[in-house]
Amino acid sequence: MKDKLIKVDYLARVEGEGALYIKVKSGYVVDVKLKIFEPPRFFEAFLRGRNFMEVPDITARICGICPIAYQMSSVHAIENAFDVKVDGILRELRRLIYCGEWIESHALHIFMLHLPDFLGYDDVIQMAKDYPEIVQKALRLKKIGNEIVRIIGGREVHPVNVRVGGFYRAPSKKEIKQIEDDLKWARDFSIEAVKFLAGLEFPEFEQDYEFVALRHPNEYPFNEGRIVSNKGIDIAVSEYDNHFVEEHVPHSNALHSRIVNRGAYFVGPLARFNLNFDKLSDIAKKVSLEVGFKPFCRNPFKSILARAVETVYACDEALRIISIYEEPSKPYVDFTIKPGVGYGCTEAPRGILYHRYKIDEKGLILDAKIVPPTSQNLKMIESDLWKFSATYLNLPEDELTWKCEQAIRNYDPCISCATHFLKVHIERE
(Lines give C-alpha, C1' and ligand atoms only; values in the text may rest on other atoms or scores of the structure.)
Protein backbone atom coordinates (compact mmCIF):
# COMPACT_ATOMS: atom_id res chain seq x y z
CA MET A 1 0.00 0.00 0.00
CA LYS A 2 1.37 3.41 -0.95
CA ASP A 3 1.95 6.12 1.61
CA LYS A 4 -0.86 8.64 1.77
CA LEU A 5 -1.96 11.84 3.38
CA ILE A 6 -5.60 12.41 4.26
CA LYS A 7 -6.44 15.79 5.67
CA VAL A 8 -9.68 17.18 7.07
CA ASP A 9 -9.18 20.61 8.55
CA TYR A 10 -12.32 21.02 10.61
CA LEU A 11 -14.48 18.43 12.33
CA ALA A 12 -18.20 19.01 11.94
CA ARG A 13 -21.05 18.09 14.25
CA VAL A 14 -19.16 18.24 17.54
CA GLU A 15 -19.53 20.90 20.21
CA GLY A 16 -16.51 23.15 19.75
CA GLU A 17 -13.83 23.07 17.05
CA GLY A 18 -10.81 20.86 16.49
CA ALA A 19 -8.64 18.82 14.12
CA LEU A 20 -7.61 15.19 13.60
CA TYR A 21 -4.29 14.14 12.06
CA ILE A 22 -3.60 10.55 10.95
CA LYS A 23 -0.34 9.57 9.20
CA VAL A 24 -0.01 6.30 7.25
CA LYS A 25 3.43 5.11 6.11
CA SER A 26 4.20 1.91 4.17
CA GLY A 27 0.67 0.67 4.87
CA TYR A 28 0.83 1.24 8.62
CA VAL A 29 -0.69 3.93 10.83
CA VAL A 30 2.32 5.66 12.39
CA ASP A 31 0.75 8.71 14.00
CA VAL A 32 -2.67 9.87 15.28
CA LYS A 33 -3.29 13.17 16.97
CA LEU A 34 -6.36 15.05 18.10
CA LYS A 35 -4.84 18.49 17.74
CA ILE A 36 -6.48 20.88 20.17
CA PHE A 37 -4.83 24.25 19.92
CA GLU A 38 -7.47 26.58 21.32
CA PRO A 39 -5.97 28.53 24.24
CA PRO A 40 -6.96 27.29 27.71
CA ARG A 41 -10.08 28.96 29.17
CA PHE A 42 -8.74 29.37 32.73
CA PHE A 43 -12.07 28.75 34.48
CA GLU A 44 -10.32 27.23 37.49
CA ALA A 45 -8.21 30.39 37.82
CA PHE A 46 -11.33 32.59 37.49
CA LEU A 47 -12.79 30.85 40.54
CA ARG A 48 -9.89 31.57 42.89
CA GLY A 49 -10.75 34.32 45.35
CA ARG A 50 -14.48 34.22 44.48
CA ASN A 51 -17.20 33.59 47.06
CA PHE A 52 -18.53 30.01 47.04
CA MET A 53 -22.04 31.26 46.18
CA GLU A 54 -20.77 32.50 42.81
CA VAL A 55 -19.34 29.12 41.78
CA PRO A 56 -22.52 27.44 40.39
CA ASP A 57 -23.27 30.44 38.15
CA ILE A 58 -19.66 30.79 36.94
CA THR A 59 -19.19 27.08 36.21
CA ALA A 60 -22.54 26.96 34.38
CA ARG A 61 -20.93 29.24 31.78
CA ILE A 62 -18.37 26.56 30.85
CA CYS A 63 -20.91 24.81 28.62
CA GLY A 64 -24.16 25.82 26.94
CA ILE A 65 -25.18 22.18 26.43
CA CYS A 66 -24.51 20.75 29.90
CA PRO A 67 -24.55 23.68 32.38
CA ILE A 68 -26.56 21.63 34.90
CA ALA A 69 -23.73 19.11 35.15
CA TYR A 70 -21.27 21.89 36.03
CA GLN A 71 -23.66 23.39 38.55
CA MET A 72 -24.40 20.04 40.16
CA SER A 73 -20.75 18.95 40.45
CA SER A 74 -19.83 22.32 41.94
CA VAL A 75 -22.64 22.46 44.54
CA HIS A 76 -22.03 18.86 45.58
CA ALA A 77 -18.31 19.56 46.04
CA ILE A 78 -18.96 22.69 48.13
CA GLU A 79 -21.66 20.92 50.17
CA ASN A 80 -19.15 18.13 50.77
CA ALA A 81 -16.71 20.69 52.18
CA PHE A 82 -19.41 22.20 54.44
CA ASP A 83 -20.95 18.83 55.46
CA VAL A 84 -24.31 19.82 53.95
CA LYS A 85 -26.87 17.13 53.15
CA VAL A 86 -29.62 17.91 50.63
CA ASP A 87 -32.34 15.29 50.82
CA GLY A 88 -36.02 14.67 50.23
CA ILE A 89 -37.88 16.62 47.55
CA LEU A 90 -34.97 19.03 46.98
CA ARG A 91 -32.78 16.07 46.04
CA GLU A 92 -35.54 14.81 43.74
CA LEU A 93 -35.76 18.27 42.15
CA ARG A 94 -32.03 18.08 41.40
CA ARG A 95 -32.56 14.74 39.68
CA LEU A 96 -35.45 16.23 37.70
CA ILE A 97 -33.42 19.12 36.33
CA TYR A 98 -30.67 16.65 35.43
CA CYS A 99 -33.30 14.61 33.52
CA GLY A 100 -34.06 17.74 31.50
CA GLU A 101 -30.40 18.20 30.62
CA TRP A 102 -29.94 14.57 29.56
CA ILE A 103 -33.08 14.72 27.38
CA GLU A 104 -32.07 17.92 25.56
CA SER A 105 -28.39 16.97 25.22
CA HIS A 106 -29.01 13.36 24.13
CA ALA A 107 -31.68 14.49 21.62
CA LEU A 108 -29.23 16.98 20.13
CA HIS A 109 -26.44 14.45 19.75
CA ILE A 110 -28.49 11.44 18.63
CA PHE A 111 -30.53 13.14 15.93
CA MET A 112 -28.69 16.32 14.91
CA LEU A 113 -25.02 15.33 15.26
CA HIS A 114 -24.61 11.53 15.06
CA LEU A 115 -27.57 10.02 13.15
CA PRO A 116 -26.58 11.75 9.85
CA ASP A 117 -23.35 9.64 9.95
CA PHE A 118 -25.30 6.38 10.00
CA LEU A 119 -27.80 7.44 7.34
CA GLY A 120 -25.18 8.91 4.97
CA TYR A 121 -25.96 12.61 5.18
CA ASP A 122 -23.56 15.53 5.62
CA ASP A 123 -25.82 17.12 8.21
CA VAL A 124 -29.29 17.06 9.72
CA ILE A 125 -30.56 19.66 7.22
CA GLN A 126 -29.86 17.22 4.37
CA MET A 127 -31.30 14.36 6.43
CA ALA A 128 -34.51 16.30 7.09
CA LYS A 129 -35.42 16.19 3.38
CA ASP A 130 -35.87 12.39 3.60
CA TYR A 131 -36.69 12.04 7.31
CA PRO A 132 -38.78 15.13 8.14
CA GLU A 133 -40.95 13.42 10.75
CA ILE A 134 -37.95 12.14 12.76
CA VAL A 135 -36.30 15.56 12.74
CA GLN A 136 -39.51 17.32 13.78
CA LYS A 137 -40.06 14.88 16.63
CA ALA A 138 -36.40 15.17 17.69
CA LEU A 139 -36.74 18.94 17.90
CA ARG A 140 -39.87 18.58 20.02
CA LEU A 141 -38.04 16.12 22.30
CA LYS A 142 -35.15 18.54 22.76
CA LYS A 143 -37.55 21.38 23.50
CA ILE A 144 -39.20 19.32 26.27
CA GLY A 145 -35.80 18.76 27.91
CA ASN A 146 -35.07 22.48 27.65
CA GLU A 147 -38.46 23.26 29.21
CA ILE A 148 -37.67 21.17 32.30
CA VAL A 149 -34.39 23.09 32.71
CA ARG A 150 -36.24 26.41 32.28
CA ILE A 151 -38.96 25.66 34.81
CA ILE A 152 -36.53 24.54 37.52
CA GLY A 153 -33.40 26.46 36.55
CA GLY A 154 -34.95 29.78 35.60
CA ARG A 155 -33.86 29.70 31.95
CA GLU A 156 -32.93 27.12 29.31
CA VAL A 157 -29.25 28.01 28.86
CA HIS A 158 -26.89 28.83 31.74
CA PRO A 159 -29.67 28.52 34.36
CA VAL A 160 -29.45 30.69 37.47
CA ASN A 161 -31.67 29.01 40.08
CA VAL A 162 -29.23 26.38 41.42
CA ARG A 163 -27.43 27.24 44.67
CA VAL A 164 -25.45 25.55 47.41
CA GLY A 165 -28.01 23.88 49.69
CA GLY A 166 -30.76 23.60 47.07
CA PHE A 167 -32.40 26.28 44.89
CA TYR A 168 -33.14 30.00 45.15
CA ARG A 169 -36.77 29.26 44.35
CA ALA A 170 -38.72 26.00 44.19
CA PRO A 171 -41.25 25.69 41.36
CA SER A 172 -44.89 25.23 42.27
CA LYS A 173 -46.65 21.93 41.79
CA LYS A 174 -48.69 23.52 38.99
CA GLU A 175 -45.53 24.57 37.12
CA ILE A 176 -44.07 21.09 37.42
CA LYS A 177 -47.32 19.38 36.39
CA GLN A 178 -47.58 21.38 33.16
CA ILE A 179 -44.85 19.31 31.48
CA GLU A 180 -46.30 15.91 32.40
CA ASP A 181 -48.25 15.27 29.18
CA ASP A 182 -45.33 16.37 27.01
CA LEU A 183 -43.05 13.99 28.91
CA LYS A 184 -45.40 11.09 28.29
CA TRP A 185 -45.16 11.85 24.58
CA ALA A 186 -41.37 12.18 24.92
CA ARG A 187 -41.10 8.77 26.57
CA ASP A 188 -43.18 7.15 23.79
CA PHE A 189 -41.06 8.79 21.08
CA SER A 190 -37.83 7.79 22.86
CA ILE A 191 -38.96 4.15 22.88
CA GLU A 192 -39.77 4.47 19.17
CA ALA A 193 -36.29 5.96 18.64
CA VAL A 194 -34.51 3.05 20.35
CA LYS A 195 -36.27 0.63 18.02
CA PHE A 196 -35.40 2.72 14.95
CA LEU A 197 -31.74 3.19 15.94
CA ALA A 198 -31.30 -0.51 16.68
CA GLY A 199 -31.85 -1.14 12.96
CA LEU A 200 -28.84 0.95 11.89
CA GLU A 201 -25.71 -0.65 10.48
CA PHE A 202 -22.89 -0.46 13.04
CA PRO A 203 -19.23 -0.87 12.01
CA GLU A 204 -17.58 -3.97 13.47
CA PHE A 205 -15.17 -2.58 16.05
CA GLU A 206 -14.38 -3.35 19.69
CA GLN A 207 -11.62 -2.79 22.20
CA ASP A 208 -11.01 -4.14 25.70
CA TYR A 209 -12.17 -0.88 27.29
CA GLU A 210 -12.06 0.11 30.92
CA PHE A 211 -15.48 1.73 31.41
CA VAL A 212 -15.75 4.22 34.31
CA ALA A 213 -18.98 5.64 35.76
CA LEU A 214 -20.74 6.48 39.00
CA ARG A 215 -22.72 3.74 40.67
CA HIS A 216 -25.37 4.31 43.34
CA PRO A 217 -26.93 1.46 45.33
CA ASN A 218 -30.52 2.58 44.70
CA GLU A 219 -30.70 4.45 41.41
CA TYR A 220 -29.29 5.06 37.95
CA PRO A 221 -26.58 7.67 38.64
CA PHE A 222 -26.96 11.41 38.17
CA ASN A 223 -25.54 13.27 41.17
CA GLU A 224 -24.13 10.75 43.60
CA GLY A 225 -22.42 7.40 43.91
CA ARG A 226 -19.05 5.72 44.00
CA ILE A 227 -16.71 5.79 41.02
CA VAL A 228 -16.48 2.26 39.62
CA SER A 229 -15.04 0.47 36.59
CA ASN A 230 -15.31 -2.95 34.99
CA LYS A 231 -11.65 -3.56 35.89
CA GLY A 232 -11.78 -3.16 39.63
CA ILE A 233 -12.01 0.53 40.50
CA ASP A 234 -14.49 1.10 43.33
CA ILE A 235 -13.67 4.34 45.15
CA ALA A 236 -15.28 7.28 46.91
CA VAL A 237 -15.31 10.53 44.91
CA SER A 238 -12.78 11.97 47.39
CA GLU A 239 -10.25 9.37 46.21
CA TYR A 240 -10.43 10.46 42.54
CA ASP A 241 -7.06 12.23 42.52
CA ASN A 242 -5.30 9.10 43.80
CA HIS A 243 -6.50 7.04 40.85
CA PHE A 244 -6.77 9.43 37.91
CA VAL A 245 -4.21 11.94 36.63
CA GLU A 246 -4.19 14.58 33.91
CA GLU A 247 -1.19 15.15 31.68
CA HIS A 248 -0.13 17.58 28.99
CA VAL A 249 0.52 16.22 25.49
CA PRO A 250 2.44 18.40 23.02
CA HIS A 251 -0.32 18.55 20.39
CA SER A 252 -3.22 19.55 22.68
CA ASN A 253 -4.10 22.42 24.95
CA ALA A 254 -6.69 20.12 26.54
CA LEU A 255 -5.29 17.85 29.23
CA HIS A 256 -5.53 14.07 28.70
CA SER A 257 -6.71 12.03 31.67
CA ARG A 258 -5.56 8.49 32.39
CA ILE A 259 -5.88 5.90 35.14
CA VAL A 260 -2.72 5.75 37.23
CA ASN A 261 -0.46 2.89 36.08
CA ARG A 262 -3.02 1.79 33.45
CA GLY A 263 -3.89 4.40 30.83
CA ALA A 264 -6.95 5.37 28.78
CA TYR A 265 -10.51 4.85 29.97
CA PHE A 266 -14.04 5.36 28.65
CA VAL A 267 -16.75 7.52 30.29
CA GLY A 268 -20.25 8.41 29.08
CA PRO A 269 -23.56 6.73 28.24
CA LEU A 270 -22.07 3.37 27.13
CA ALA A 271 -20.02 3.18 30.36
CA ARG A 272 -23.07 4.04 32.48
CA PHE A 273 -25.23 1.55 30.55
CA ASN A 274 -22.72 -1.27 31.00
CA LEU A 275 -22.10 -0.58 34.69
CA ASN A 276 -25.65 0.35 35.76
CA PHE A 277 -28.03 -1.56 33.49
CA ASP A 278 -29.76 -3.11 36.52
CA LYS A 279 -30.64 0.40 37.81
CA LEU A 280 -32.54 1.49 34.69
CA SER A 281 -36.33 1.73 34.97
CA ASP A 282 -38.35 -1.30 33.88
CA ILE A 283 -39.52 0.48 30.72
CA ALA A 284 -35.95 1.41 29.68
CA LYS A 285 -34.65 -2.10 30.37
CA LYS A 286 -37.55 -3.69 28.51
CA VAL A 287 -37.08 -1.76 25.26
CA SER A 288 -33.32 -2.26 25.43
CA LEU A 289 -33.65 -6.03 25.76
CA GLU A 290 -36.35 -6.12 23.06
CA VAL A 291 -33.89 -4.75 20.50
CA GLY A 292 -31.08 -7.02 21.71
CA PHE A 293 -29.00 -4.25 23.24
CA LYS A 294 -27.63 -5.36 26.58
CA PRO A 295 -24.43 -5.22 28.62
CA PHE A 296 -21.63 -5.84 28.12
CA CYS A 297 -21.39 -3.86 24.85
CA ARG A 298 -17.85 -2.90 23.72
CA ASN A 299 -18.72 -1.38 20.33
CA PRO A 300 -18.37 2.42 20.74
CA PHE A 301 -20.51 3.02 17.64
CA LYS A 302 -23.45 1.70 19.70
CA SER A 303 -23.10 4.62 22.10
CA ILE A 304 -25.97 6.16 20.12
CA LEU A 305 -28.18 3.30 21.34
CA ALA A 306 -27.05 3.80 24.95
CA ARG A 307 -27.98 7.50 24.67
CA ALA A 308 -31.41 6.58 23.33
CA VAL A 309 -32.05 4.10 26.17
CA GLU A 310 -30.93 6.75 28.68
CA THR A 311 -33.38 9.19 27.09
CA VAL A 312 -36.20 6.72 27.76
CA TYR A 313 -34.93 6.45 31.34
CA ALA A 314 -34.69 10.24 31.80
CA CYS A 315 -38.28 10.72 30.61
CA ASP A 316 -39.49 7.88 32.83
CA GLU A 317 -37.56 9.17 35.87
CA ALA A 318 -38.87 12.70 35.28
CA LEU A 319 -42.45 11.40 35.24
CA ARG A 320 -41.81 9.50 38.50
CA ILE A 321 -40.53 12.63 40.22
CA ILE A 322 -43.38 14.77 38.89
CA SER A 323 -45.90 12.24 40.26
CA ILE A 324 -44.57 12.66 43.83
CA TYR A 325 -43.61 16.34 43.71
CA GLU A 326 -44.83 18.65 46.48
CA GLU A 327 -43.49 22.19 46.77
CA PRO A 328 -41.02 22.28 49.69
CA SER A 329 -41.62 24.68 52.58
CA LYS A 330 -38.15 26.13 51.94
CA PRO A 331 -36.13 25.87 48.70
CA TYR A 332 -32.77 25.26 50.38
CA VAL A 333 -31.27 23.85 53.56
CA ASP A 334 -29.33 26.03 56.00
CA PHE A 335 -25.65 25.42 56.60
CA THR A 336 -22.54 26.87 58.21
CA ILE A 337 -19.53 27.98 56.20
CA LYS A 338 -16.31 26.30 57.27
CA PRO A 339 -12.84 25.86 55.77
CA GLY A 340 -11.99 22.62 54.04
CA VAL A 341 -11.70 20.68 50.80
CA GLY A 342 -14.79 19.35 49.03
CA TYR A 343 -15.20 16.80 46.23
CA GLY A 344 -18.04 16.35 43.78
CA CYS A 345 -18.64 14.11 40.77
CA THR A 346 -21.83 13.88 38.73
CA GLU A 347 -22.80 12.26 35.45
CA ALA A 348 -22.84 14.87 32.69
CA PRO A 349 -24.47 13.62 29.47
CA ARG A 350 -20.95 12.83 28.19
CA GLY A 351 -19.66 11.13 31.35
CA ILE A 352 -18.32 11.81 34.83
CA LEU A 353 -17.49 15.44 35.67
CA TYR A 354 -15.18 15.90 38.68
CA HIS A 355 -14.85 19.08 40.79
CA ARG A 356 -12.63 19.75 43.81
CA TYR A 357 -12.52 23.02 45.79
CA LYS A 358 -10.39 24.26 48.66
CA ILE A 359 -12.33 26.88 50.64
CA ASP A 360 -11.27 29.21 53.47
CA GLU A 361 -13.17 30.17 56.64
CA LYS A 362 -14.87 33.09 54.83
CA GLY A 363 -16.15 30.89 52.02
CA LEU A 364 -13.61 32.10 49.45
CA ILE A 365 -12.27 29.64 46.89
CA LEU A 366 -8.54 29.09 47.40
CA ASP A 367 -8.09 26.42 44.74
CA ALA A 368 -10.27 24.67 42.14
CA LYS A 369 -9.91 21.61 39.93
CA ILE A 370 -12.38 20.68 37.19
CA VAL A 371 -12.01 17.57 35.01
CA PRO A 372 -14.63 17.48 32.20
CA PRO A 373 -15.70 14.18 30.61
CA THR A 374 -14.24 15.06 27.21
CA SER A 375 -10.75 15.40 28.72
CA GLN A 376 -11.25 11.98 30.27
CA ASN A 377 -12.17 10.47 26.89
CA LEU A 378 -9.52 12.14 24.69
CA LYS A 379 -6.86 9.45 25.18
CA MET A 380 -9.47 6.75 24.49
CA ILE A 381 -10.65 8.53 21.32
CA GLU A 382 -7.07 8.60 20.00
CA SER A 383 -6.71 4.89 20.86
CA ASP A 384 -9.91 4.12 18.89
CA LEU A 385 -8.62 6.09 15.91
CA TRP A 386 -5.29 4.23 15.88
CA LYS A 387 -6.99 0.83 15.85
CA PHE A 388 -9.99 1.76 13.70
CA SER A 389 -7.96 3.41 10.94
CA ALA A 390 -5.47 0.50 10.95
CA THR A 391 -8.34 -2.01 10.60
CA TYR A 392 -10.06 -0.15 7.78
CA LEU A 393 -7.06 1.23 5.83
CA ASN A 394 -8.31 -0.36 2.61
CA LEU A 395 -11.47 1.72 2.57
CA PRO A 396 -11.65 4.49 -0.05
CA GLU A 397 -10.12 7.72 1.25
CA ASP A 398 -13.42 9.61 1.62
CA GLU A 399 -15.12 6.72 3.39
CA LEU A 400 -12.23 6.22 5.84
CA THR A 401 -12.21 9.92 6.67
CA TRP A 402 -15.98 9.83 7.20
CA LYS A 403 -15.73 6.78 9.49
CA CYS A 404 -12.92 8.33 11.53
CA GLU A 405 -14.99 11.46 12.14
CA GLN A 406 -17.92 9.22 13.08
CA ALA A 407 -15.64 7.36 15.54
CA ILE A 408 -14.90 10.67 17.25
CA ARG A 409 -18.58 11.55 17.41
CA ASN A 410 -19.24 8.23 19.22
CA TYR A 411 -18.03 10.10 22.32
CA ASP A 412 -20.10 13.27 21.73
CA PRO A 413 -17.00 15.31 22.56
CA CYS A 414 -17.58 18.78 23.95
CA ILE A 415 -14.35 20.46 22.96
CA SER A 416 -15.65 23.75 24.28
CA CYS A 417 -15.62 22.19 27.75
CA ALA A 418 -12.17 20.63 27.35
CA THR A 419 -10.81 23.76 25.65
CA HIS A 420 -12.37 25.03 22.42
CA PHE A 421 -10.86 23.85 19.19
CA LEU A 422 -10.09 20.70 17.11
CA LYS A 423 -9.29 19.90 13.24
CA VAL A 424 -9.11 16.29 11.21
CA HIS A 425 -5.97 15.55 9.19
CA ILE A 426 -5.00 12.07 7.92
CA GLU A 427 -1.56 11.82 6.26
CA ARG A 428 -0.28 8.85 4.23
CA GLU A 429 3.30 8.73 2.96
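For this structure, a couple of remarks:
- Computed on the chain, with alpha-carbon pairs under 8 angstrom and 6+ residues apart, the relative contact order is 32 percent.
- Listed cross-link partners Lys177/Lys330; Lys279/Lys338; Lys279/Lys379; Lys85/Lys142; Lys129/Lys379; Lys195/Lys231 are compared with a 26 Å cut-off, the Cα-Cα value being larger for Lys279/Lys338; Lys279/Lys379; Lys85/Lys142; Lys129/Lys379; Lys195/Lys231.
- Residues of type aspartates and glutamates that Lys25 reaches as a straight line, Cα spacing below 15 Å, ignoring anything fewer than 8 places off in the same chain: Asp3, Glu397, Glu427, Glu429
- Length-normalised contact order of region 73-141 in % [C-alpha pairs under 8 Å, at least 6 apart]: 25 percent
- The Kirkwood radius of the chain, taken over pairs of alpha-carbon atoms, gives through the Stokes-Einstein law at 20 °C and 1.002 mPa s a diffusion coefficient of 98 µm² s⁻¹.
- Inverse mean reciprocal Cα-Cα distance (Kirkwood Rh) of region 131-245, Å: 18.1 Å
- Evaluated at q = 0.25 Å⁻¹, a Debye calculation over the C-alpha positions of region 81-137 (equal weights, vacuum) places log10 I(q)/I(0) at -0.95.
- Heavy-atom accessible surface of region 135-187, averaged per residue, reaches 45 Å², computed with a 1.4 Å probe.
- When the chain is described by a simple charge dipole with +1 on each Lys and Arg Cβ and -1 on each Asp and Glu Cβ, the residue from Leu353, Tyr313, Gln406 located farthest towards its positive end is Leu353.
- Only DSSP H runs of four or more residues enter the estimate; each adds -39500 (n - 2.57), and after division by the residues of the chain the mean residue ellipticity at 222 nm equals -13000 deg cm²/dmol.
- What a 1.4 Å probe finds exposed on the chain is 49% carbon and sulfur by accessible area, rounded to a whole percent.
- As a rough guide to protection, the peptides 101-111, 325-335, 74-84 ranked by mean Cβ packing within 10 Å, highest first, stand as 101-111, 74-84, 325-335.
- Using the 1.4 Å probe convention, the accessible area of region 279-429 works out to 34 Å² per residue with neighbouring protein chains retained.
The values are calculated or read from the model by the stated rules, or taken from the named source; none is laboratory data. Treat the numbers as computed from the prediction; the structure is a model and nothing was measured. Every residue, glycine as well, gets a Cβ built from its backbone with ideal geometry; the counts of neighbours run over all protein chains shown. Keep in mind that these areas ignore ligands, DNA and RNA; they rest on the heavy atoms of the full protein, side chains included. Shrake-Rupley method; radii C 1.70, N 1.55, O 1.52, S 1.80 Å.
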